[in-house]
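First comes the structure, then the notes that go with it.
The values are calculated or read from the model by the stated rules, or taken from the named source; none is laboratory data. Everything numeric in this text was worked out from a predicted model, so none of it was measured. Virtual Cβ from ideal backbone geometry, glycine too; neighbours counted across all protein chains shown.
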Amino acid sequence: MYCNQIQEQKPSSVEEKNEIFNDGYTHIIVDSLHIKYWKSNVAIEYYLIYSNDFIQVMDTTTNSYKKVSNEAMVSNFVNYIEEFFMLKIEIIELSRLKRIEPVITDYSDISIIVFKGGKEVVNDTIQLGDEQFEIKFSPKFIDFINILDELVK
């Protein structure tokens with residue numbers, strides 16, 4: 001599924017049980033978030049799993065793991081996942097203009113799977129570019145990508 005298609009979907013029923021946390025946000029209670037991030041500029045696929053208030057990051061080329069428990073970073077990351085992929089209250093793309101000439105390249109992509117109550121409630125994939133279109137992403141989505149890049153560093 002491409003970026004522009006994500007906005008067309010109706011929100012799922014993931015917002016049934018919410019809780020207000022110390023950061024002032026109302027969070028959706030989920031079992032876990034599973035993210036696959038293909039970072040094309042370095043040709044590495046990363047897996048990130050959020051559960052129990054921390055993120056485990058795996059680099060598939062070295063099979064190395066790290067645990068991220070920085071509360072601010074984890075909270076920001078989870079908030080972006082909620083806003084873009086679960087509640088769909090934030091836009092990903094600001095504009096999409098047809099290119100005169102296609103650009104053939106390997107674009108990064110992000111796959112998000114959310115589990116709640118033992119069931120998969122979200123399963124989306126975003127390609128971070130398009131050969132036929134010049135895409136301008138929202139500043140908030142760019143912040144999300146920057147956090148993702150920081151997590152896999």
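Scan (1) within 19 Å of GLU150 (Cα to Cα); (2) assigned to a strand (DSSP E or B); (3) of a type in the set (Gly, Ala, Ser) for the single condition SER75 breaks and write down its number.
Every listed condition holds for SER75 apart from (2).
Can you run down the residue pairs with Cβ atoms below 7 Å, 6 or more apart or on separate chains, where the first is in the range 138-151 and closer than 18 Å to GLN127 by Cβ and the partner is surrounded by fewer than 14 Cβ atoms within 10 Å (Cβ to Cβ) and at pLDDT 95 or above?
SER138/LEU94
Condition first: out of contact with any strand residue (DSSP E or B) (no Cβ under 9 Å at 6 or more places or on another chain) and of a type outside the set (Ser, Thr, Tyr). Now tell me which residues in the range 103-143 satisfy that.
Those that are out of contact with any strand residue (DSSP E or B) (no Cβ under 9 Å at 6 or more places or on another chain) and of a type outside the set (Ser, Thr, Tyr): ILE104, GLY117, GLY118, LYS119, GLU131, LYS140, ILE142, ASP143.
Filter the range 70-102 down to residues that are in contact with a strand residue (DSSP E or B) (Cβ under 7 Å, 6 or more places away or on another chain), over 25 Å from ASN52 (Cα atoms), hydrophobic (A, V, I, L, M, F, W, C) and free of Cβ contacts under 8 Å to residues at least 40 places away in the same chain, then give me how many there are.
Total satisfying the criteria: 1.
Among the listed residues ASP109, ASP149, identify the single one that is within 19 Å of TYR50 (Cβ to Cβ), modelled with pLDDT of 95 or more and over 10 Å from the mean Cα position of the chain (by Cα).
None of the other options fit; the residue is ASP149.
If you scan the range 28-55, which residues turn out to be among the polar types (S, T, N, Q) and either surrounded by 15 or more Cβ atoms within 10 Å (Cβ to Cβ) or over 19 Å from SER111 (Cα atoms) (or both)?
Matches in the range 28-55: SER40, ASN52.
Restricted to the range 56-102, and to residues that are exposed (fewer than 13 other Cβ atoms within 10 Å of the Cβ) and among the small types (Gly, Ala, Ser), which residue is nearest to ILE126 (Cα to Cα)?
So, considering only residues that are exposed (fewer than 13 other Cβ atoms within 10 Å of the Cβ) and among the small types (Gly, Ala, Ser), the one nearest to ILE126 (Cα to Cα) is SER95.
Tell me, which residue of the range 103-134 that is in a loop (DSSP other than H, G, I, E, B) and free of Cβ contacts under 8 Å to residues at least 60 places away in the same chain is surrounded by the fewest Cβ atoms within 10 Å (Cβ to Cβ)?
This residue is ILE104.
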